[in-house]
Structure formats: C-alpha cells, structure tokens
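Working notes, beginning with the structure itself.
The values are calculated or read from the model by the stated rules, or taken from the named source; none is laboratory data. As the structure is a computational prediction, the values presented were derived from the model and not from experiment. Glycine gets a Cβ as well: all are built from the backbone with ideal geometry, and neighbour counts include every protein chain shown. Only protein heavy atoms, including side chains, enter the accessible area calculation; ligands, DNA and RNA are left aside. Shrake-Rupley method; radii C 1.70, N 1.55, O 1.52, S 1.80 Å.
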Amino acid sequence: MDLSIECCGVKFPNPTVLASGVLGITASSWRHCAKNGVGGITTKSVWLEEHRGHPNPTMVGYDAFMLNAVGLPDAGIEKAREEVADYLKDPPTPLILNIVGGKKDEFLAIAEYAEELCPDMIELNISCPNVEDEFGKPFACSRVDAAELTRAVRERIKNTPLFVKLSPNAEDIVGVAQAVVDAGADGITAINTLGPGMVIDLETRRPVLANKVGGISGPAIKPLAVKIVSDIYRATGVPIIGTGGVTSGRDAIEMMMAGARLVGVGSAVYYRDVSVFKEICDEMEEWCEKEGVKDLEEIIGCVKL
Ligand code: RRO
C-alpha cells in the first residue's frame, strides 16, 4: 500500500518523521534514517551561534518514559548549513529544519538565515522545557508571547512552510495553537516534552540527571499528545505533526485519527533503533489493508467524538 502523504505541498513517502533532537545534525545520520524507512527528517534545533548544552548525564530511559535535559547543544548555523547542503544534494526524504534561540532577538536572527538553507519546511522550537534557568519561561507558555514571536519570524520566513512546536506545559495549548496560526504559522507540531520531571537515584540520593530535572517523553505521554492533537485539529484545522510516545504502527494510526498529518517519532528510536520506522510503516500498512483504508487521508482526524 502507498503510505505517502502530502503536507503543505511537500510529499512525504510515509507519515513518520524523525522528531527533532534525536539523531543530531549530520547528513549521514539522516540518510541512515531514510535508508531505514523514515518519511521525513527533523533536524536537531539549530542556533545561530554555538550553544553549550547541559553536562552529562542528560538522558535516562525506562519502559514507560524517558527524561532528557540535553540543554540545546548546537554548533551553530554554519555547521548546519554544511550538513543540510550535503543532504539536499540528493535528498532521500523531505527535511524539516528546526530552529531555536534563547531570547527573541536570537530567534529572529536565525529566522533571517533559515530559508537560505532551502529546507522543505521549518519548525520553530519555542517549547524546550530545559532552558528556563537560562532564558525564562518558553514562549510557548503564553499566547501573546508565542503569537508575537511567530508573527516576527513569519515576516522573515516567507516562502517555506512554517510549523511551530508547542508545549503541553502551557495552561491553554489550544489557545496558543490558535494564536500562532493567526500569527501566520502553517502548521503545529505537538507536543514537546512534558514537565520537567525528576528521577532520583536511591543509593546516591541525588537526581539522576546532572540538570536535576528534564522533559518527559515516551509512551507515558502518548494519551496526552493524542488528546492535544485532537483538540488542536478541531480548533484550527491546520496540518499537525503529532509527536509524543509513538512506538508502533497502531500508535501512529491513533495519532492520525486524532488529527495528525505527520507523526513524529523520537523516544522510540532510543528504545529500539532506526529500524523502528520500517516496523511502524509495516504495521500501518497491515492495519490499513485489514480495515480497507486505501489512502491515509481517510483517517486524518476521523476519531468519532
Ligand atoms: O535539548 C533539549 O534539552 C531539548 C529540547 Br531543544 C526540546 O525541545 N525538548 C526537549 O525535551 N529537550
């Protein structure tokens, strides 16, 4: 069966997308994912200048959830420019460039350069939960801040589909989604990690992560992501990259029924490896054939509420 899906004029061979932050920022790792069946790639969040992340350990994983506080390490846009150019010489799948800053001026500065790299889409990360000490509350926690930033970024990104990645920590994520769409976003990525949360090592009596706390991802947050995607889909109708705890083809179908057009996969790559993309697609195909679904468009937002 053909799992291909169109999103903002970009054709994806299947709806799975490598979520931002999972496999860094090298053309070779993106190609490796593409060889293993991923439908699209999201880059790690790119800064204008080099930014140091948090010290190790930055990640800890359990069956039900993961915690991360990587802290947005990045070498800056010049390194990203090289890797993106290398990938785009012969791109096996579409590329979504994820961009980030600390304060507003840094977001605007990278937005000036983002289109020069010629990605298929751009994702604006305004929802990292791990840098609040450095930069204050994420823009995604306030309708007004999120909309103002999106509007200013949109003025600088004129010809590339712009998605804004939102936070489940916002009091009113649907209101934030509506506000960024009104400010010019073409689509929404939902959700970034929840929390932050904490895991304590009983023997040392210290938090496991060096940063003490970190964003929660993985299967435990999937029902929250599905509910939020459903709410945003019904409120805005814009394309959504549904992300949060998807590890199987059935999870991906569920996310699409909620309203996702593309499905982000992050933690599952750590739980298994990149083979997870082919497994998800195989299971999606199997389900569609059993249910007589000929085109994935039929299931987007089809949940009966
Ligand atoms: O780098 C991180 O710590 C990080 C980022 Br940018 C993000 O958006 N979400 C997350 O859970 N971690």
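For the range 142-151, the Karplus equation 6.51 cos²θ - 1.76 cosθ + 1.60, evaluated at θ = phi - 60°, returns couplings of 9, 4, 5, 5, 5, 5, 4, 5, 4, 4 Hz by residue, with Gly and Pro reported as x.
The alpha carbon centroids of the range 228-305 and the range 1-65 are separated by 16 Å.
Can you work out the accessible area per residue across the range 30-168, with the rest of the protein chains kept in place, probe 1.4 Å, in square angstrom? All intermediate terms of the calculation are to be shown ahead of the outcome.
On the way: 5910 Å² over 139 residues.
So the range 30-168 comes to 43 Å² accessible per residue, rounded to a whole number.
Of the beta bridges DSSP finds with both residues in the range 1-96, what % are antiparallel, to the nearest 5?
Details: 7 of 11 bridges.
Of all bridge pairs located within the range 1-96, approximately 65 percent are antiparallel.
Residue-wise HN-Hα couplings along the range 194-206, as the Karplus relation 6.51 cos²θ - 1.76 cosθ + 1.60 with θ = phi - 60° gives them from phi, are 9, x, x, x, 9, 10, 10, 7, 5, 6, 7, 6, 10 Hz; Gly and Pro carry x.
Looking at the range 147-305 only, what percent of DSSP beta bridges run antiparallel? Nearest 5 please. Display every interim value, and only then the final one.
Working: 4 of 13 bridges.
If I count the DSSP bridges inside the range 147-305, around 30 percent turn out antiparallel.
Over all directions, the projected convex hull of the C-alpha atoms in the chain averages 14.6 nm² in area.
Modelled spin labels at T26 and E82, positioned 7 Å past Cα toward Cβ, are 1.2 nm from each other. Label positions at E283 and K304, each projected 7 Å from the Cα along the C-beta direction, are separated by 2.5 nm. Normalised Debye scattering of the range 61-199 at q = 0.16 Å⁻¹ gives log10 I(q)/I(0) of -0.85, counting only Cα atoms as equal scatterers and leaving out solvent. Largest mean-square fluctuation among S28, S217, S248, in a Gaussian network model of the chain whose springs join Cα atoms under 10 Å apart, belongs to S28. In the chain, the DSSP beta bridges split such that about 35 percent are antiparallel, to the nearest 5.
May I ask you to order 45-54, 64-73 by the average number of other C-beta atoms within 10 Å around their residues, highest value first? Before the final figure, lay out each step's value.
Details: 45-54: 18.9, 64-73: 21.6.
Ranking the peptides 45-54, 64-73 by packing returns 64-73, 45-54.
Projecting the Cα atoms of V213, C8, M255 onto the charge dipole of the chain, computed from C-beta unit charges around the Cα centre, puts V213 farthest toward the positive end. Under a 5 Å amide H cut-off, with hydrogens placed 1.01 Å from N, T243 pairs with A190, I191, G264 among residues at least 5 apart or on other chains.
For the pair L202 and K137, what calculated FRET efficiency results from E = 1/(1 + (r/R0)^6), where r is the Cβ-Cβ distance and R0 = 35 Å, to the nearest 0.05? Don't skip to the end; give the middle numbers.
Details: r = 32 Å, r/R0 = 0.90.
So the FRET efficiency works out to roughly 0.65.
If eta is 1.567 mPa s and T is 4 °C, what Stokes-Einstein diffusion coefficient results for the range 1-136, Kirkwood Rh from Cα pairs, in µm²/s? Calculated translational D: 83 µm²/s.
I want the local charge near A183. Using Cβ-Cβ distances under 15 Å, sum +1 for each Lys or Arg and -1 for each Asp or Glu among the other residues. Local charge sum for A183: +2.
3J(HN,Hα) couplings calculated from phi for the range 28-42 with the Karplus curve 6.51 cos²θ - 1.76 cosθ + 1.60 (θ = phi - 60°) are, in sequence order, 5, 5, 5, 5, 4, 5, 4, 4, 9, x, 5, x, x, 10, 10 Hz; Gly and Pro show x. Between the amide H of G21 and those of K44, S45, distances stay under 5 Å, these residues lying 5 or more places away or on another chain, with hydrogens modeled in the peptide plane.
Using the Cβ-Cβ distance between L108 and M1 with R0 = 41 Å, the FRET efficiency computed as 1/(1 + (r/R0)^6) comes to roughly 0.40.
Distant-in-sequence amide contacts of V199, defined by a placed amide H-H separation under 5 Å and a gap of 5 or more residues or a different chain, comprise V208, L209. Set the Förster distance to 45 Å, then compute FRET efficiency between V144 and Y271 from the Cβ-Cβ distance, nearest 0.05. According to the calculation, E is roughly 0.75.
Would you mind calculating the gained length between M59 and A152 on full extension (0.36 nm times residue separation, minus the Cα-Cα distance), in nm to one decimal? Intermediate values should be presented prior to the final figure.
Values: separation 93, 0.36 × 93 = 33.48 nm, distance 3.32 nm.
So the chain would gain 30.2 nm between M59 and A152.
Extending 7 Å from Cα along the Cβ direction at D172 and again at E50 yields two label points whose distance is 4.3 nm. Measuring nothing but protein heavy atoms, the accessible surface of the range 49-202 at 1.4 Å probe radius is 49 percent carbon and sulfur.
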